[in-house]
Amino acid sequence: MALRMPNFIPFPVDFMPKRKPPVAKGPQKSSTATSKPSFPIEIDPDLIAQLRLLSKPDRRRVGHAIEAVRTNWGYPHLHGGVGIRRLAPNLYESRAGLQQRLIFQDIHGSLYFDFLGNHDEVQKFLRSHA
């Protein structure tokens with residue numbers, strides 16, 4: 001019994017997608033959008049010692065809060081979403097979870113984080129540094 005070969009129709013090459021020509025690389029164009037200012041972060045040595053005593057999830061939560069303050073600082077309409085409040089001239093508070101609050105200052109364009117504590121500890125800190 002002879003095998004019958006089906007009629008073979010080769011796939012037309014015209015239907016294959018053509019390669020795009022390489023893009024000529026020239027000088028980079030500058031963006032018209034303004035870049036967001038980046039604020040340097042400084043952390044008080046006592047606060048660093050306090051952070052080392054916290055559990056890893058708590059340290060991560062505080063780190064995220066510090067980063068949120070840095071990225072949203074200078075945009076007052078976003079301060080409420082991050083939980084930034086002005087406590088005194090050049091003294092601010094940001095929440096780092098439900099119980100913890102970070103106290104920081106804007107010193108010559110640098111965000112200096114002073115203290116971490118709950119509501120009562122923050123009140124004591126404010127009274128002692130008034």
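The values are calculated or read from the model by the stated rules, or taken from the named source; none is laboratory data. Keep in mind it's a predicted model, so treat the numbers as computed, not measured. Cβ: placed from backbone, ideal geometry, glycine included. Neighbour counts: every protein chain shown.
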Test TYR92 against the criterion of being in a strand (DSSP E or B), modelled with pLDDT of 90 or more, under 16 Å from ASP46 (Cβ atoms) and not small (Gly, Ala, Ser), and give yes or no.
-> no
Selection from the range 70-97 of residues β-branched (Val, Ile, Thr) and closer than 22 Å to ASP120 by Cβ yields ILE84
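Just the residues that are of a type in the set (A, V, I, L, M) and assigned to a strand (DSSP E or B), please, taken from the range 95-107. So that I can check it myself, show each step before the final result.
Within the range 95-107, the subset of a type in the set (A, V, I, L, M) is 96, 98, 102-103, 107.
Hits for the range 95-107 are LEU102, ILE103, ILE107.
Checking the condition at pLDDT 90 or above and out of contact with any strand residue (DSSP E or B) (no Cβ under 6 Å at 6 or more places or on another chain), which residue from GLU42, GLU67 passes?
Values: GLU42 fails: out of contact with any strand residue (DSSP E or B) (no Cβ under 6 Å at 6 or more places or on another chain).
It is GLU67.
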